[in-house]
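**Q** Here's a structure for you.
Each reported figure results from applying straightforward, stated rules to the coordinates on display, with no laboratory input. Being a predicted model, the structure only gives us computed values, none of them experimental. Cβ placement follows ideal geometry from the backbone for every residue including glycine, while neighbour counts extend to all protein chains displayed.
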Amino acid sequence: MNVTISDIEVFAESLDVKQAAAIYAEHGCLVMRGLMTPYTEAIAREVEQVADTARALYDQAQEVPGIGWSTPDGTLWIKAPGNYSRDKQIMVLALRYTTSGAFLQSALDTRAVDLVEAILGPNIELFLDGQCLYKEPVGGHPKNLHQDSAYFEHRYDGPVASLNYVVDTDLVNGALHVVPGSHKLGQLEHIDTFSHLGLDPKQWPWESSLPICGKAGDAIFFHYRCIHGSKENHSEKPRPVFIHRYRRPDDYVTIGAATTSARKEAEKHAAEVKKQNQQGLMVRGVRTWEPPV
């Protein structure tokens, strides 16, 4: 791999939106240092509050077939490593736009939305309710290299994602890895892994990717077909990140799945899928009225 961090890196305090959008277009990923710094302290505080609630509800977790377990607050749990203190570990915290003001405010950040507008155009909505991925200490789950499009393929451009570090993140506690330029490969075949869909590690080993170490507040933007993932958290503290996804308001999911069997079934009907009521919060521009299908 010839691409280095400096090739895909910009700084929020001196942001040139046109330059940043060009980097994103070429590589399918972009690192913006310091973008989320104004929000990180509040979000970090809320992350641990929500994690404490989830752990208190552990005994009430209910199985979600093919996905994992969910506690009553909406936190998603998956199987823990064999040497872990319990048999389940947190994967996705119940921290979202409907539960956190700081989380929503960060999604509306002007510099972030300026960049997305340069990529997608003037009309932008939020896709889904935000996401907070949480790697627990001392072995918190890896996430195999994968494309987000394996989970939610879209009719048009698909979402632009922004993954944001809540704490300083390095190779010990699970830095994000990306494969620059992989968004141009189209949709790749995924396999089932313990943390849902992922690429075959024999074909896509970690050595094929570029790790992105960073400070709390650093943001990584990536195309939904850009290959990315993260290794285990081997530190003594949690490693949370929060994710925003932006898309055009006329775009919509044609294939949605978290397992290979579900995806194969959804693929049979993808061409027939019509735009459903998938409207997200508009963060810029206007949603054009369309007659019911």
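**Q** Between segment 202-236 and segment 75-144, what is the separation of their alpha carbon centroids in Å?
**A** A separation of 14 Å, based on Cα centres.
**Q** Let me ask something else. Using 0.36 nm times the number of residues separating VAL138 and GLU26, minus their current alpha carbon distance, what extension gain do you get?
**A** Result: 36.7 nm gained on full extension.
**Q** GNM on the chain, C-alpha springs below 10 Å: top fluctuator among HIS141, HIS234, HIS269?
**A** Between HIS141, HIS234, HIS269, it is HIS269 that shows the largest mean-square fluctuation.
**Q** Note down the magnitude of the dipole of the chain about its Cα centre, charges +1 on Lys and Arg C-beta and -1 on Asp and Glu C-beta and zero elsewhere, to the nearest 20 debye. Walk me through the intermediate numbers first.
**A** Numbers: 29 positive and 37 negative charges, 68 e Å.
Here the chain has a charge dipole of around 320 debye.
**Q** Computed from the mean reciprocal separation of all distinct C-alpha pairs, what Kirkwood hydrodynamic radius does segment 124-222 have, in Å? Spell out each step's value before the answer.
**A** Details: mean 1/r = 0.0670 Å⁻¹.
Taking the inverse mean of 1/r over all distinct Cα pairs, segment 124-222 comes out at 14.9 Å.
**Q** Continuing with the same structure: Grab the beta carbon distance between THR260 and GLU48, set R0 = 45 Å, and tell me the FRET efficiency rounded to 0.05.
**A** 0.85
**Q** Find which of GLY140, HIS223, LEU176 sits farthest along the positive direction of the dipole of segment 5-273, computed with +1 on the beta-carbon of Lys and Arg, -1 on that of Asp and Glu, about the Cα centre.
**A** Value computed over the given set: GLY140.
**Q** Let me ask you something else. Got a sec? Which residues in segment 236-275 would a label at GLU189 touch, if it sits 7 Å along Cα→Cβ and we count backbone N under 17 Å?
**A** The answer is 259-268, whose backbone nitrogens lie closer than 17 Å to the label point.
**Q** Considering the convex hull of the alpha carbon atoms of segment 147-293, report its projected area averaged over all viewing directions, in nm², one decimal.
**A** The Cα convex hull of segment 147-293, projected and averaged over all directions, gives 10.2 nm².
**Q** Something else: Kirkwood Rh over alpha-carbon pairs of segment 63-178, then Stokes-Einstein at 25 °C and 0.890 mPa s: what D in µm² s⁻¹, rounded to an integer?
**A** In µm²/s, the coefficient rounds to 149.
**Q** Ratio of Rg to Rh for the chain, alpha carbon only, Kirkwood?
**A** A ratio of 0.94.
**Q** 7 Å from Cα along Cα→Cβ at both ARG155 and SER208: what's the point-to-point distance in nm?
**A** Modelled inter-label distance: 3.2 nm.
**Q** In addition: Averaging sequence separations of C-alpha pairs under 8 Å and six or more residues apart, then dividing by the length of the chain, give the relative contact order as a whole percent.
**A** 26
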